[in-house]
1. First measure r as the distance between the Cβ atoms of Leu18 and Ser103, then evaluate 1/(1 + (r/R0)^6) with R0 = 25 Å and state the FRET efficiency to the nearest 0.05.
2. Restricting to DSSP loop positions (anything but H, G, I, E, B) with no more than 14 other Cβ atoms inside 10 Å of their own Cβ, which chymotrypsin sites (Phe, Trp or Tyr not before Pro) remain in the range 1-95?
3. How big is the convex hull of the Cα atoms of the chain, per residue, in Å³?
4. At 7 Å along the Cα-to-beta-carbon direction for both Asp56 and Ser87, put a label point, then send me their distance in nm to one decimal.
5. What number comes out for the charge environment of His20, summing +1 per Lys or Arg and -1 per Asp or Glu over other residues with Cβ under 13 Å away?
6. Report the extension gain between Arg121 and Arg10 in nm, rounded to one decimal, defined as 0.36 nm multiplied by the number of residues separating them, less their alpha carbon distance.
7. Expected output is a single nm value to one decimal: the length gained when fully extending between Cys44 and Thr142, i.e. 0.36 nm times separation in residues minus the C-alpha distance. What is it?
8. Percent antiparallel among DSSP beta bridges with both residues in the chain, to the nearest 5?
Amino acid sequence: MSGAGDSEIRELYRSLILDHARSPRHFGRMEEPTHTADGINPLCGDKLEVFISVQDDTIADVSFEGKGCAISLASASMMSERIIGQSVNDAISDIELVSQSLSGESAETLPGKLEALKGVREYPSRVKCATLAWHALRAAITKDRAVATTE
Ligand code: FES
């Protein structure tokens, strides 16, 4: 998606957010996760719980559940699709890239469909919605049980 213009990103952002918010992929509680963490957006109080199953240093499965706005659910859904099958180190790199990009600290192109998430930068008050699941994922990977906030 490198070279996508601003209007292209806006359009992709709208259609992907709608699609993933209407039918979030990997939504639901995992039976036997190896790691899990809650993410809380202090601005609205919404909370997502992220579950992962790590096998041999690979993220074999990801799921999430909880309550959040369309942007938070869509971002969690896209995150799950992206992260399943990645090594733990690659997942951590993606988390850092997405966090820095959505907060405006990095101008780097995000991989695949994730580039569309940059559309949220036009609505600064919603950036924490988009990063909520990613913060929870980071907490899940780095600790067995944790609560992450988007602060
Ligand atoms: Fe609560 Fe977006 S408004 S997560």
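Just so it is clear, none of the values below were taken in a lab; they were calculated from the coordinates. What you see is a predicted model; the values in this text were computed from it and never measured. Heads up, the Cβs are rebuilt from the backbone with ideal geometry, glycines too, and the neighbour counts pull from every protein chain shown.
1. Values: r = 23 Å, r/R0 = 0.93.
The formula returns an efficiency of 0.60 here.
2. none
3. Convex hull of Cα atoms, per residue: 95 Å³.
4. 1.4
5. On the way: positive: Arg14, Arg22, Arg25, Arg82, Lys113; negative: Asp19, Glu81.
With Lys, Arg at +1 and Asp, Glu at -1, the neighbours total +3.
6. Working: separation 111, 0.36 × 111 = 39.96 nm, distance 1.01 nm.
Going from the current span to full extension adds 39.0 nm.
7. 32.8 nm
8. Working: 16 of 22 bridges.
Given both bridge residues lie in the chain, the antiparallel proportion sits at roughly 75 percent.
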